[in-house]
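Comments concern the structure below.
The values are calculated or read from the model by the stated rules, or taken from the named source; none is laboratory data. Bear in mind that the values here come from a model prediction, so they are computed numbers and not experimental data. Counting neighbours? That spans all protein chains shown, and the Cβs are built from the backbone with ideal geometry, glycine included.
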């Protein structure tokens, strides 16, 4: 794996953690509703990406496809509605646990195999997540948990669909442009529940333009240097990053268990990224 891929992957993980934090902040601390947050997030992401695409020297058109756009919409909508009842760290754990299972399952189906080093890294990372949750962790609300698991499966599909793209920025732009009107339809259906204020609008725009639009374009670029197993496992760092940010900005508890879990997860990821998987 090249240094460029490692750097892009790290930036993408910070963007993903930022999404959890911004969404939870908006839905807990402001008046914006989940549907409006989702629509504005996708719209601002689409606008930012379109502008970046137009500023390039070449006249590249937005590409993408409807399968990826629908996966993006399902992820973004389920993500927002789940965070109405989940804390930032717990939501990120559920999200990327589902991401990991979907992407690793796809990799196994395609013939990827685990070496000893990669298997040890995966077990260490999963053990770190379990240590963060158990013992004594209260169960999250069932509805929010199921929505976040759905969001994770959709994001896993979106990531897998992005592995073969030749122009990450053009593909991400096209996906956001397709997903935005679908999100607006959801907002129209739930118009009677719509509400917002200036802080909520700012959080949604930041989430869409920075941590979503630009962050996802970076992720699509990084995916070209990652195997499915690596792409799935590296995202286990996001719950740790989200939990740490939540402890600093959302008054969630910062404990020795959290610090030890972070060390285990990041150490496991380092093992997986340094390993080679075997194909058919």
message: On the basis of being in a helix (DSSP H, G or I), free of Cβ contacts under 8 Å to residues at least 60 places away in the same chain and in contact with a helix residue (DSSP H, G or I) (Cβ under 8 Å, 6 or more places away or on another chain), does residue 36 make the cut?
response: no
- request: Can you give me the number of residues within region 221-248 that are free of Cβ contacts under 8 Å to residues at least 60 places away in the same chain and under 22 Å from residue 40 (Cβ atoms)?
  value: 0
- request: Output the residues belonging to region 154-193 that are over 19 Å from the mean Cα position of the chain (by Cα), over 19 Å from residue 43 (Cβ atoms) and either in a helix (DSSP H, G or I) or modelled with pLDDT of 90 or more (or both).
  value: 192
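Here's the yes/no breakdown for (1) modelled with pLDDT of 75 or more; (2) not in a helix (DSSP H, G or I):
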{"site": "107", "(1), (2)": "no, no"}
{"site": "125", "(1), (2)": "yes, no"}
{"site": "132", "(1), (2)": "no, no"}
{"site": "135", "(1), (2)": "no, yes"}
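When you scan region 194-251 for helices (runs of 4 or more DSSP H) that lie fully inside it, which ones turn up with 3 or more residues that are out of contact with any strand residue (DSSP E or B) (no Cβ under 7 Å at 6 or more places or on another chain), surrounded by fewer than 20 Cβ atoms within 10 Å (Cβ to Cβ) and modelled with pLDDT of 85 or more? If you could, list the steps in order and put the result at the bottom.
On the way: elements: 198-206, 215-223, 228-234, 237-249.
By residue number, 198-206.
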- line: The residue that is nearest to residue 40 (Cα to Cα), considering only those in region 54-74 that are surrounded by 13 or more Cβ atoms within 10 Å (Cβ to Cβ) and out of contact with any helix residue (DSSP H, G or I) (no Cβ under 7 Å at 6 or more places or on another chain), is 70
